[in-house]
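J.: Structure provided below as structure tokens; questions to follow.
Only the coordinates and a few stated rules stand behind these numbers; no lab work does. Remember, predicted model here, so these are calculated numbers, not experimental data. Glycine gets a Cβ as well: all are built from the backbone with ideal geometry, and neighbour counts include every protein chain shown.
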Amino acid sequence: MKKTNSKVEEFIRVDHAGERGAVKIYEGQLLALNTIVKNDSLKKTIEDMKEHEIEHCQYFENEIKKRNIRPTKFLPLWDLLGVGLGFGSTLLGKKAAMLCTASVEEVIDKHYLDQINQLGSDEKELKKKITKFRQDELDHKDIAYEEGASKKGFYSIMDKIIKTGSKIAIRISEKV
């Protein structure tokens, strides 16, 4: 029983960090769009996706408090890196900004699916929420490709860097 509890704690800690990171990425993208890059259509798309991430983050924030789970010690660093990634990807243009979303969401899709498959009947509500959030993330990935995300040329390197960074952040946030 104790092992399940520690696993659920890891899930909630890392999901909280990840959803907060997603909010920060979108905040960085919006910062670029409000200051340097002018693209009202992209701004609207990102604002809409950010709303989902805020909902997800608030859910995990509440779970952390309710279950008395300590958040990852790396939140301040993830915040900074998230804003930087969002800002930087948007400066590179719409394709890069949308690839940032697609790359992160592809990692999160597998991450959430692994969690869904490990959660037992004692965590029905958590499983239901993660299943819903996974669908939101898949929708974001689809939107990103519809809006021009590409993995051709330079973008394939960017995709690998973002995915590797996301996987490292997941592993660290589960434990620390």
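J.: Which values of log₁₀ I(q)/I(0), to two decimal places, follow from the Debye formula for segment 38-108 at q = 0.14, 0.17, 0.19 Å⁻¹ with a uniform point scatterer at every Cα?
T.: -0.55, -0.78, -0.92
J.: Above 19 Å lies some portion of the pair distances; for the chain, what is it as a whole percent of all C-alpha pairs?
T.: Above the 19 Å cut-off, the chain has 54 percent of its Cα pairs.
J.: I would also like to ask the following. For segment 4-44, state which trypsin sites (Lys or Arg not before Pro) are in a DSSP loop and have at most 14 other beta carbons lying within 10 Å of their beta carbon.
T.: For trypsin sites (Lys or Arg not before Pro) across segment 4-44 that sit outside H, G, I, E and B with at most 14 neighbouring Cβ atoms in 10 Å, the list reads Lys38.
J.: Continuing with the same structure: Over the Cα atoms of segment 1-81, Rg to Rh with Kirkwood Rh, two decimal places?
T.: My calculation puts Rg/Rh at 1.10.
J.: Also, I was wondering about something else. Lys38: which lysines have alpha carbons under 20 Å from its alpha carbon, excluding same-chain residues fewer than 8 sequence positions away?
T.: Of all the lysines, those that pass the test against Lys38 - Cα under 20 Å, at least 8 places apart if same chain - are Lys24, Lys50, Lys94, Lys95.
J.: Using the alpha-carbon atoms, what tilt in degrees (0 to 90, nearest 10) does helix 124-146 show relative to the longest principal axis of the chain?
T.: Taking the Cα atoms of the chain, the angle to 124-146 is about 10 degrees.
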